Structures are given as structure tokens and as C-alpha cells.
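Below: the structure, in C-alpha cells.
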Amino acid sequence: MKSKTTRGPKITTSENLEDRCDADKDVSDFFDFSRAVVWGGKRAGAGRKPLGKVRKQVLLSAAAIRKISAIAKKKNQSFSAVIENACVALR
């Protein structure tokens, strides 16, 4: 016959959680591991909208860079915008 005084493993509660952790006892029964908890993540439609442009590397002389930079500053445009406008004008 089983004794009524035998006890199974003590269940972890919010009250004894810290004490059980400090005593290096198993507290996994207090947590639910059935699904991963994921915080944050990207939202639909979030972030900077694409401009539809492609990055390319172009080698220019120092003189060409100075001229393009001067035009960009004078027209209050970006370096890329000046080059793009110049290419469009070539059509």
C-alpha cells in the first residue's frame, strides 16, 4: 500500500519561482514551451518605399566629380540626380 506522505515534485508557482531558481531547481513546469514567443517583426507596408532605382558603380575623374558637385550644389540637387538628368538629356 502506498503511503499518503509521499509527495511528487513540487510545482513551481509565481510565489516560489525565485526561490527555486536560486536553489538551482527545475522551473520548466512554470513556463509554456509549446510555441515560440516572437516579439516585434516587420509590419506590412513598413519601411522606406523603394525608388525603383539600381545602384551602379561608376569611375569618374576628379575634375568630373568637381564639376558635377558644383552643378549639384548650384541646383540644390543630389550628385545622382545631376548625373541622371544629364543622361536623360542625352536621349
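Worth a mention:
- The stretch 30-67: number of residues that are surrounded by 10 or more Cβ atoms within 10 Å (Cβ to Cβ), assigned to a helix (DSSP H, G or I) and not aromatic (Phe, Trp, Tyr): 4
- Against the conditions (1) at pLDDT 90 or above; (2) not in a loop (DSSP other than H, G, I, E, B), residue 77 satisfies every one except (2).
- Residue within the stretch 20-29 that is acidic (Asp, Glu), under 31 Å from the mean Cα position of the chain (by Cα) and not in a helix (DSSP H, G or I) present: no
The values are calculated or read from the model by the stated rules, or taken from the named source; none is laboratory data. This is a predicted model, so every value here is computed, not measured. We place every Cβ from the backbone using ideal geometry, glycine too, and count neighbours over all the protein chains shown.
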